[in-house]
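The values are calculated or read from the model by the stated rules, or taken from the named source; none is laboratory data. None of the values given here were measured: they were computed from a predicted structure. Cβ placement follows ideal geometry from the backbone for every residue including glycine, while neighbour counts extend to all protein chains displayed.
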Amino acid sequence: MPADVKKTKTPSLSLLFADDERSLQELMKLELPRMGHTVTVCPDGLTAVAAIEKNNYDAIIVDLDMPGMTGVEVIGRLKEMSPATEAVVLTGKSTTESAIAALRYGAFDYLTKPCKLVEIEALLRRIAAKRELTQKFTALQRRLDRIEGAPTLVGDSRPMARVKALIDKVAPTESTVLILGETGTGKELVARAVHNQSPRADKPFVAINCGALPENLIESELFGHAKGSFTGADDHRVGLFEVASGGTIFLDEIGELPKAMQAKLLRVLESREIRRVGENKTVNVDVRVVCATHRDLSAMVAADEFREDLMYRVNTFEIHLPALRERLDDLPNLAEHLLRRFRPHAKPIEQQLTDDAVAALKGHVWPGNVRELANVIEHATILCDQGPITADDLPQHFNRRQLSGAAKASRGPITLRELEMEAIYEALERNDGSKPKAAAELGIALKTLYNKLSQETGLKAA
């Protein structure tokens, strides 16, 4: 290995290096601190395990073939004592089979001897980047929990009781979960509940909206990329699958993934290995996968829009989240829960909503589901600072469908957008909230209906 290496801006890591070659031990004592890291050097696996038992390390670099205890055995003990510590293996063999085996035991990556210091430096930079992203995700989640409280599934109706029972059954397992439900029903909340009740609860929960990722950047976002692998790739990037390693990755709106990415995702789900853009070797990832969609995947398969093999892979265990109109008994409790969120410092009062407000809420078709309810309640809290919410505090357009013909005639000019939404609400009401039936009656595509309802929900939130 050349002794010359440029100084980097890589954040300082606490490292353990274990190798029975004396020359490498001496080299690492000099070069790893020059890179800005602290290092403990061990001559064999047994000494390395003893050090791991006494100290915490961000990462370890271990030789595969050492007397007394192999590198794979060291990694096995490491993952028992300190699962968050990353492991890198060094192998001097011409074959990489042993190194690949180490990846399956949880190693972050491997290097083949003789390797260059710049290769070690680049690998440590990736480890530091992953740790930084993981810490940011954890900090953001804690901040959200402080602001909104821990994620809570509100409701004791029969449909919600079944959802909670399914979560209790599947959460302790490693099975892939598919959450089905209309837009705004709270699919991410269910995914978080699965994660929080699983053995991975203290590890990262990473949520990704597949429909919001630019098509040309999806692969890089999910799996990461090497420096220079495409225009704009100015540095190595850790993908979100690696950030979620050890925890849960939530792929929301998986039905929006392009066909080319569906094939790559299928391979990852089958092998639990990713390949960063611009690299040939694979990286092992230990993730629990939870997916969600508001679309009918079977219909998409029939229309050749979604891979059948991927559908079966993600649909190991299915949870169907009911629409709000299907669990109106939960609506008062949901509304009060949202009121407490929007009025965190308000004095508790016996009645949060008047009877006429509850009646008006229950009389609505709720095409935007719980997300729409949250917007309505936030609107009402702005108008009514302290007292109970009344029907008059609800948005003006809220009871538009309930206006009589005379009232409609006397309300004055309305916009084309209002007329359009009125027709949509009335079609939904005639079809008991069924969006496919309402779209067919209106003569528009189902996707168009979803888009218009989403726009309306966004306008209410604004």
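Looking at N369, is it under 24 Å from L453 (Cβ atoms), surrounded by 14 or more Cβ atoms within 10 Å (Cβ to Cβ) and either out of contact with any Lys or Arg (no Cβ under 6 Å at 6 or more places or on another chain) or among the aliphatic types (A, V, I, L, M) (or both)?
So N369 passes the test.
Residue by residue, here is whether (1) assigned to a loop (DSSP other than H, G, I, E, B); (2) within 15 Å of the chain's Cα centre (by Cα); (3) at pLDDT 85 or above holds:
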position	(1), (2), (3)
F230	yes, no, no
D234	yes, no, no
F241	no, yes, yes
A263	no, no, yes
R267	no, no, yes
N280	yes, no, no
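Select, from R272, R343, R288, R307, the only residue that is more than 19 Å from the chain's Cα centre (by Cα), outside the structural domain of K435 (by TED's automatic domain parsing) and not aliphatic (A, V, I, L, M).
That would be R307, the only listed residue that is more than 19 Å from the chain's Cα centre (by Cα), outside the structural domain of K435 (by TED's automatic domain parsing) and not aliphatic (A, V, I, L, M).
Is it true that L257 is within 17 Å of the chain's Cα centre (by Cα) and closer than 30 Å to K79 by Cα?
Answer is no for this residue.
Which ones in region 183-201 are surrounded by fewer than 17 Cβ atoms within 10 Å (Cβ to Cβ) and over 19 Å from T152 (Cβ atoms)?
Hit for region 183-201 is P199, nothing else.
So if I check each of G232, G224, G247, which one is crowded, with 21+ Cβ neighbours inside 10 Å and on the phi > 0 side of the Ramachandran plot?
G224
What number goes with the only condition from (1) more than 19 Å from the chain's Cα centre (by Cα); (2) modelled with pLDDT under 90 that A335 does not pass?
(2)
Looking for something assigned to a helix (DSSP H, G or I) and modelled with pLDDT of 90 or more - is there at least one such residue anywhere in region 140-158?
Yes; the residues of region 140-158 include at least one that is assigned to a helix (DSSP H, G or I) and modelled with pLDDT of 90 or more.
When both residues are 6+ apart or on different chains and their Cβ atoms are under 6 Å apart, which pairs have a first residue that lies in region 53-70 and is touching a residue at least 12 places away in the same chain (Cβ under 8 Å), and a second that is outside any loop (DSSP other than H, G, I, E, B) and surrounded by fewer than 20 Cβ atoms within 10 Å (Cβ to Cβ)?
Hits for this filter: Y57/S14; D58/S14; L64/S98; G68/L46; M69/L46.
Being under 20 Å from E426 (Cβ atoms), of a type in the set (A, V, I, L, M, F, W, C) and buried (at least 20 other Cβ atoms within 10 Å of the Cβ) is true for just one of L338, L334, L324. Which residue is that?
None of the other options fit; the residue is L324.
Select from region 381-429 the residues that are charged (D, E, K, R) and at pLDDT 80 or above and write down the one among them that is farthest from H364 (Cα to Cα).
E420
Sort out which residues of region 191-224 are touching a residue at least 60 places away in the same chain (Cβ under 8 Å), closer than 20 Å to G255 by Cα and part of a strand (DSSP E or B), and write them in order of number.
V206
Yes/no per residue for (1) surrounded by 21 or more Cβ atoms within 10 Å (Cβ to Cβ); (2) in contact with a strand residue (DSSP E or B) (Cβ under 8 Å, 6 or more places away or on another chain):
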| site | (1), (2) |
| --- | --- |
| F317 | no, yes |
| V365 | yes, no |
| C384 | no, no |
| P388 | no, yes |
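Given the condition at pLDDT below 95, in contact with a Lys or Arg (Cβ under 8 Å, 6 or more places away or on another chain), in a helix (DSSP H, G or I) and over 16 Å from F223 (Cβ atoms), answer yes or no: does some residue in region 302-311 qualify?
No - not one qualifying residue is present in region 302-311.
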